[in-house]
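A.B. asks: Dropping a structure here in structure tokens format, bear with me for questions.
The values are calculated or read from the model by the stated rules, or taken from the named source; none is laboratory data. Everything numeric here is computed off the predicted structure, so don't read it as measured data. Glycine also receives a Cβ, built like all others from the backbone with ideal geometry; neighbour counts cover every protein chain displayed.
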């Protein structure tokens, strides 16, 4: 059978990653807020006709590069960020030979839900 994803997680594999994923999500949210602050500051400098080079640009680029590096960690593992601020993630999995997503949100202690590839969060069902 041909599947859409190369990697399929068991519930246990996904659960083992949760502590690391919590750290990465927290760091991504911190970096996103930081980049947004630099972006606003740079936007203000551009409208005033000031030189936008220097430390602010360097810090903004560092924030974006750090975000890109963390996002690459998720991408390489085929873990999908559905909502960064909520910490909502999907892990490809197989249930009964069918390709689905295990679904976890950062305020949940364990990986307890799944949904079809096309239904999303609204179609979440409790794992048996």
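A.B. asks: Pick out, from the stretch 75-128, the strands (runs of 3 or more DSSP E) lying fully within it that include 3 or more residues that are within 19 Å of residue 22 (Cβ to Cβ). Working first, answer last.
C.D. replies: Details: elements: 80-83, 88-95, 98-105, 113-116.
The strands (runs of 3 or more DSSP E) meeting that bar are 80-83, 88-95, 98-105.
A.B. asks: Looking at (1) in a helix (DSSP H, G or I); (2) modelled with pLDDT of 95 or more, which one does residue 8 not meet, given that it meets all the others?
C.D. replies: (1)
A.B. asks: Among (1) touching a strand residue (DSSP E or B) at 6+ places or on another chain (Cβ under 7 Å); (2) crowded, with 16+ Cβ neighbours inside 10 Å, which single condition is residue 64 missing?
C.D. replies: The one condition residue 64 does not meet is (1).
A.B. asks: Looking at this structure, is residue 13 in a helix (DSSP H, G or I) and closer than 26 Å to residue 1 by Cα?
C.D. replies: Working: in a helix (DSSP H, G or I): yes; closer than 26 Å to residue 1 by Cα: yes.
Yes, satisfied.
A.B. asks: Kindly indicate which of 22, 98, 86, 4 is loosely packed, with under 15 Cβ neighbours inside 10 Å, closer than 19 Å to residue 120 by Cβ and in contact (Cβ under 8 Å) with a residue 40 or more places away in the chain. Spell out how you get there, then give the answer.
C.D. replies: Details: 22 fails: closer than 19 Å to residue 120 by Cβ; 98 fails: in contact (Cβ under 8 Å) with a residue 40 or more places away in the chain; 86 fails: in contact (Cβ under 8 Å) with a residue 40 or more places away in the chain.
The match here is 4.
A.B. asks: Out of curiosity, is residue 72 part of a helix (DSSP H, G or I), within 18 Å of residue 7 (Cβ to Cβ), out of contact with any strand residue (DSSP E or B) (no Cβ under 9 Å at 6 or more places or on another chain) and modelled with pLDDT of 95 or more? So that I can check it myself, show each step before the final result.
C.D. replies: Values: part of a helix (DSSP H, G or I): yes; within 18 Å of residue 7 (Cβ to Cβ): yes; out of contact with any strand residue (DSSP E or B) (no Cβ under 9 Å at 6 or more places or on another chain): yes; modelled with pLDDT of 95 or more: yes.
Judged against the criteria, residue 72 is a match.
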